[in-house]
């Protein structure tokens, strides 16, 4: 099926010219990286831009790198890049794990993590791992640079805090300054295509600290400070885990749709929470992932 | 209209495209390459798979204009010097019935074997996941790739 409307295409060679172009056109333009979401949105008429600004000619937007105490994931970094990065596997195994569960190889070869959090569809796989790592989304526009804590990035399903003239340059993920390990759990019918029906991310840190995020069970993915506090103060006994499982019902608000019922999502989120917690703790005990 | 230059199955080609044409449409309708098929048209089924600079992509989700200067290999290109050992193994194991998913399966497995000549079961399953097949139940596909991987 052809995309049923006409639009222009520009591929700027520098970030400066992309910023200027987007500054002039604002929401009439859309930024193109992997395009796996955008092409679908344009076929469905959900997005009708007058101009596509292809960012793939801008070298500085690519690459996974360490800078100081943070891991930087450039706007052009694909899920394939993340999945096959030794750096990510060793330093941030939860991102490695989640990247391997995104759609299929053919999509992961193209789709970017930045694109994933910019599309901000409630069932995205990137958000939970980034939330538990307190990631920061870094943008640039003609007005200057901006940094959004990931917890303030998601506004609603498919809506983020980004301004119409801003380009995300990278995601900055701070490396915790103590021992840590994460785990990601995703509920889906089969691998290779399915969107998550519910997902849970857990990060276990030294000092018996825990961070927990839920995705695809509400309009935006989110952390639960209350559950984190219970885990940190009361530990991980069977009784505490049961108590938290009850608490999960108050924290998340899943819907019933063609893929799963509200009740099933709620039940499975409780099950996956326990699995993610156990996995994160087991990995924490293994020395090779000490930061 | 914009002129783009690509290498298609080893040959340099120049073609005019509109920004709203997908790579799948251009390959099939303007360049006569029919192995990539339109299945779901939304990136889920894998029938439109082609290789772009050595990596499989869903050609229904790629704008043709993006591929200027890049190398595209379709199933026709994979077998232009005769069937590959992988394709012979697919034949031996009687892998396909209708064949609609075949180009995507062959290209996905080829990409995997190019990167890792001896993948295990898990890697094979991960590589072909997202190429939906309604005939085989996938078992013969996996067995055929596994046989090549063990050689």
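The values are calculated or read from the model by the stated rules, or taken from the named source; none is laboratory data. Computed from a predicted structure; not experimentally measured. Quick reminder, even Gly has a Cβ in these numbers, built from the backbone with ideal geometry, and neighbours come from all protein chains shown.
Structure notes:
- Only a single criterion out of (1) touching a strand residue (DSSP E or B) at 6+ places or on another chain (Cβ under 9 Å); (2) within 14 Å of chain B (Cβ to nearest Cβ) is not satisfied by residue A:121, namely (1).
Okay, residues lined up against (1) under 24 Å from residue A:95 (Cβ atoms); (2) free of Cβ contacts under 8 Å to residues at least 12 places away in the same chain:
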{"residue": "A:215", "(1), (2)": "yes, no"}
{"residue": "A:226", "(1), (2)": "no, no"}
{"residue": "A:232", "(1), (2)": "yes, no"}
{"residue": "A:241", "(1), (2)": "no, no"}
{"residue": "A:255", "(1), (2)": "no, yes"}
{"residue": "A:260", "(1), (2)": "no, no"}
{"residue": "A:263", "(1), (2)": "no, yes"}
{"residue": "A:267", "(1), (2)": "no, yes"}
{"residue": "A:271", "(1), (2)": "yes, yes"}
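- Residue in the range B:54-62 that is in a loop (DSSP other than H, G, I, E, B) and in contact with a strand residue (DSSP E or B) (Cβ under 7 Å, 6 or more places away or on another chain) present: yes
- Unique match (being assigned by TED's automatic domain parsing to the domain that holds residue B:56 and without any contact (Cβ under 8 Å) to a residue 40 or more places away in the chain) among B:7, B:22, B:14: B:14
- As a summary of the residue check, residue A:269 satisfies the conditions (1) at pLDDT below 95; (2) touching a strand residue (DSSP E or B) at 6+ places or on another chain (Cβ under 7 Å); (3) over 19 Å from residue A:134 (Cα atoms) except for the one numbered (1).
- Within the range A:64-139, helices (runs of 4 or more DSSP H) holding 2 or more residues that are more than 22 Å from residue A:205 (Cβ to Cβ) and either without any contact (Cβ under 8 Å) to a residue 24 or more places away in the chain or assigned by TED's automatic domain parsing to the domain that holds residue A:154 (or both): A:79-83, A:105-108, A:113-119
- Only a single criterion out of (1) in contact with a strand residue (DSSP E or B) (Cβ under 8 Å, 6 or more places away or on another chain); (2) modelled with pLDDT of 95 or more is not satisfied by residue A:216, namely (2).
- The criterion of at least 3 residues that are buried (at least 16 other Cβ atoms within 10 Å of the Cβ) and away from every other protein chain (no Cβ under 14 Å) is met by the following helices (runs of 4 or more DSSP H) wholly inside the range B:80-151: B:85-92, B:139-150.
- Criterion violated by residue B:7 - all others in (1) within 14 Å of chain A (Cβ to nearest Cβ); (2) within 26 Å of residue A:79 (Cα to Cα); (3) surrounded by fewer than 20 Cβ atoms within 10 Å (Cβ to Cβ); (4) in contact with a strand residue (DSSP E or B) (Cβ under 8 Å, 6 or more places away or on another chain) satisfied: (1)
- Boolean, residue A:35 is touching a residue at least 40 places away in the same chain (Cβ under 8 Å) and under 22 Å from the mean Cα position of the chain (by Cα): yes
- Selection status of residue A:45, touching a residue at least 12 places away in the same chain (Cβ under 8 Å), more than 12 Å from every other protein chain (Cβ to nearest Cβ) and outside any strand (DSSP E or B): yes
- Only one of the listed residues (A:22, A:87) is in contact with a strand residue (DSSP E or B) (Cβ under 8 Å, 6 or more places away or on another chain), more than 10 Å from chain B (Cβ to nearest Cβ), surrounded by fewer than 20 Cβ atoms within 10 Å (Cβ to Cβ) and over 29 Å from residue B:46 (Cα atoms). That residue is A:87.
- Residue in the range B:35-57 that is closer than 20 Å to residue B:8 by Cβ, touching a residue at least 12 places away in the same chain (Cβ under 8 Å), away from chain A (no Cβ under 14 Å) and in contact with a helix residue (DSSP H, G or I) (Cβ under 8 Å, 6 or more places away or on another chain) present: yes
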